[in-house]
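Novice: Got a structure for you, written out below as structure tokens; questions coming shortly.
The values are calculated or read from the model by the stated rules, or taken from the named source; none is laboratory data. Model, not experiment: these values are computed from the prediction. Note: ideal-geometry Cβ built from the backbone for every residue, glycine included; neighbour counts use all protein chains shown.
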Amino acid sequence: MRSLALKLVLAFLAISLVGTALVAVFAGQATASEFGHYTARQNQESVLAQLTAYYEQHGSWIGVENSVSFRGRAGNGRGQGGQGSGGGAALADAAGQIIMGGVGYPRGFQLSAAEQAQGIPIEVDGTAVGLLLVGGELAAGGAGQAEAEFLQQVNRALLWAAVIATAVALFLAVFLARTLTKPLTELTAATRAVAKGDLKQEVNVRSQDELGELAAAFNQMSADLTHARDLRRQMTADIAHDLRTPISVILGHAEALEDGVLPPTPENVHIIFDEAQRLNRLVADLRTLSLAEAGELPLTKRPFNLSALLERTVIAHAPQAQQQGIELKVETETDLPELDIDPDRMARALGNLVGNALRYTPENGRITLCARQIDDHVRLSVRDTGTGIAPDDLPHVFDRFYRGDKSRRRNGDSGSGLGLAIAKSIVEGHNGRIWVESQPDQGTSFYIQLPKRP
């Protein structure tokens, strides 16, 4: 019983057997009961017709016991039934006196008014001439041989119908069980393959029901795992590359200084110091991202004016913008509310966005920092007139170490590749949202949306 398909087949079969048996039993009982009522009505109508015809012909009940027989009466001879009291019917005259005994009434017995009310009136030309009292086999529709054979045929037909229904139910049970378990079998095999390290698995989505949703969810999970694995591998390679470059410079200069190839001048020492700082920044960025992903990024929130935050960001990057010949300006509304933010963390997020814009904005370009209220939020934006971002790169700009189109870089400075990922982590840590909109050769706009103070 470890097989789900076998359990489903047995469950379907048991349900069909119970249902078919109940239907057969109730149908047989209902058929027998209704057939009994039908034969009873037929018998009564036949007896009433005989008695009415006899009275119309003879004008009295004299000799009726020798001419009319009641089906199911006690006794075999016509003359014998008239004296008894155990037959299937009894006949009384208009005054209520028993003429032909039966159903417990002997001949000559005088019926009470209540007993007469239970009889079936016999009328001739609209006048009551007698009463028919039925009971026993006549009232219950006593079955003869023909009727018994009819009921046997009905029961036999019900039995065959039950057998055929059970066979059809078994066939449908096997079919449905296989239909239901086949997607589960495929999912099981795919799951085992994922457990062994083969993450790129996809199962067929055969329906739109719960099993179809499960298959679609598995396919999405497999795709996400594959993407995460590829990102992890790429990140590892990028980290190794970004670490190797400054380490190589530091080691090369240190060895050259030690061997006397390079003189220990302040310029050579400064190169080693700059590369060490670059390493330190990269390690700090990685630590910030790891804290953010673990939900442990510390934020010291306090009410802060966004206009001041934007001005602070512009001042910090003004020398670099001036050196590159790029206009850097701020556009804000006059009545911006204060927000509960960590100004240092948010300044870093904005600084990363501005630094990214400076890399890809050509000379004589423009970078604009804006802030305005939208309903219960405040939206910040950093817009540039740079080369824009290709549509294929847009979904990945916030990925760690993601390298987009190399032609977008206006110089060799590509940064650590973590700035946008850090900005996203900081914004989400403030319960905000960050996204980007861009088209090639039409500039790029980064948006940050933060909730107002309650």
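Novice: Are any of the residues in the range 160-179 surrounded by 13 or more Cβ atoms within 10 Å (Cβ to Cβ), within 24 Å of Lys7 (Cα to Cα), outside the structural domain of Ser222 (by TED's automatic domain parsing) and without any contact (Cβ under 8 Å) to a residue 12 or more places away in the chain?
Specialist: Yes, the range 160-179 contains a residue that is surrounded by 13 or more Cβ atoms within 10 Å (Cβ to Cβ), within 24 Å of Lys7 (Cα to Cα), outside the structural domain of Ser222 (by TED's automatic domain parsing) and without any contact (Cβ under 8 Å) to a residue 12 or more places away in the chain.
Novice: Of the residues Ile122, Ile62, Ile98, only one is crowded, with 21+ Cβ neighbours inside 10 Å, over 30 Å from Ser33 (Cα atoms) and either at pLDDT 85 or above or outside the structural domain of Gly36 (by TED's automatic domain parsing) (or both); which?
Specialist: Ile98
Novice: Kindly list the number of the only condition in (1) surrounded by 21 or more Cβ atoms within 10 Å (Cβ to Cβ); (2) part of a loop (DSSP other than H, G, I, E, B) that fails for Ala357.
Specialist: Failing condition for Ala357: (2).
Novice: Which condition number does Ala228 fail, the rest of (1) outside the structural domain of Lys424 (by TED's automatic domain parsing); (2) surrounded by fewer than 17 Cβ atoms within 10 Å (Cβ to Cβ); (3) more than 49 Å from the chain's Cα centre (by Cα) being met?
Specialist: Ala228 satisfies every listed condition except (3).
Novice: Check whether at least one residue in the range 281-301 is in contact with a strand residue (DSSP E or B) (Cβ under 6 Å, 6 or more places away or on another chain) and either closer than 24 Å to Asp344 by Cβ or surrounded by 11 or more Cβ atoms within 10 Å (Cβ to Cβ) (or both), and report yes or no.
Specialist: Looking for residues that are in contact with a strand residue (DSSP E or B) (Cβ under 6 Å, 6 or more places away or on another chain) and either closer than 24 Å to Asp344 by Cβ or surrounded by 11 or more Cβ atoms within 10 Å (Cβ to Cβ) (or both), one finds at least one in the range 281-301, hence yes.
Novice: Also: Only one of these is β-branched (Val, Ile, Thr) and closer than 28 Å to Ala357 by Cα: Thr300, Thr265. Name it.
Specialist: Thr300
Novice: Do the conditions hold for Thr236, that is, is it in a loop (DSSP other than H, G, I, E, B), of a type in the set (Ser, Thr, Tyr), on the phi < 0 side of the Ramachandran plot and surrounded by fewer than 14 Cβ atoms within 10 Å (Cβ to Cβ)?
Specialist: no
Novice: With over 23 Å from Asp340 (Cβ atoms), among the aliphatic types (A, V, I, L, M) and touching a residue at least 12 places away in the same chain (Cβ under 8 Å) as the only criterion, which of Leu286, Leu309 stands out?
Specialist: Leu286
Novice: Quick check on this structure: which one of Asp344, Asp413 is modelled with pLDDT of 85 or more and farther than 16 Å from Gln449 by Cβ?
Specialist: Asp344
Novice: Could you tell me whether any residue of the range 326-340 is within 28 Å of Asp242 (Cα to Cα) and among the hydroxyl-bearing types (Ser, Thr, Tyr)?
Specialist: Within the range 326-340, none of the residues are within 28 Å of Asp242 (Cα to Cα) and among the hydroxyl-bearing types (Ser, Thr, Tyr).
Novice: Right, another one. Are any of the residues in the range 188-207 closer than 18 Å to Leu6 by Cα and part of a helix (DSSP H, G or I)?
Specialist: yes
Novice: Right, another one. Against the condition acidic (Asp, Glu), at pLDDT 80 or above and not assigned by TED's automatic domain parsing to the domain that holds Leu8, how does Glu149 come out, does it pass?
Specialist: no
Novice: Any residue in the range 180-201 that's assigned by TED's automatic domain parsing to the domain that holds His227: show its pairings with residues that are assigned to a helix (DSSP H, G or I) and surrounded by fewer than 12 Cβ atoms within 10 Å (Cβ to Cβ) at Cβ separation under 8 Å, as long as the two are six or more apart or on different chains.
Specialist: Every condition considered, no pair remains.
Novice: Mind listing whichever residues of the range 271-302 are within 20 Å of Arg232 (Cβ to Cβ), small (Gly, Ala, Ser) and part of a helix (DSSP H, G or I)?
Specialist: If the condition is that a residue be within 20 Å of Arg232 (Cβ to Cβ), small (Gly, Ala, Ser) and part of a helix (DSSP H, G or I), then Ser290, Ala292 are the ones that fit.
Novice: Looking only at the range 428-454, filter to residues that are of a type in the set (Lys, Arg) and part of a loop (DSSP other than H, G, I, E, B); which one of those is surrounded by the most Cβ atoms within 10 Å (Cβ to Cβ)?
Specialist: For the range 428-454, the residue satisfying everything is Lys452.
Novice: Please state which one of Arg379, Arg383 is touching a strand residue (DSSP E or B) at 6+ places or on another chain (Cβ under 8 Å), surrounded by 18 or more Cβ atoms within 10 Å (Cβ to Cβ) and among the basic types (Lys, Arg).
Specialist: Just a single option satisfies the conditions, and that option is Arg383.
Novice: How many residues are hydroxyl-bearing (Ser, Thr, Tyr) and more than 21 Å from Ala11 (Cβ to Cβ) if we restrict to the range 178-211?
Specialist: Selection size over the range 178-211: 1.
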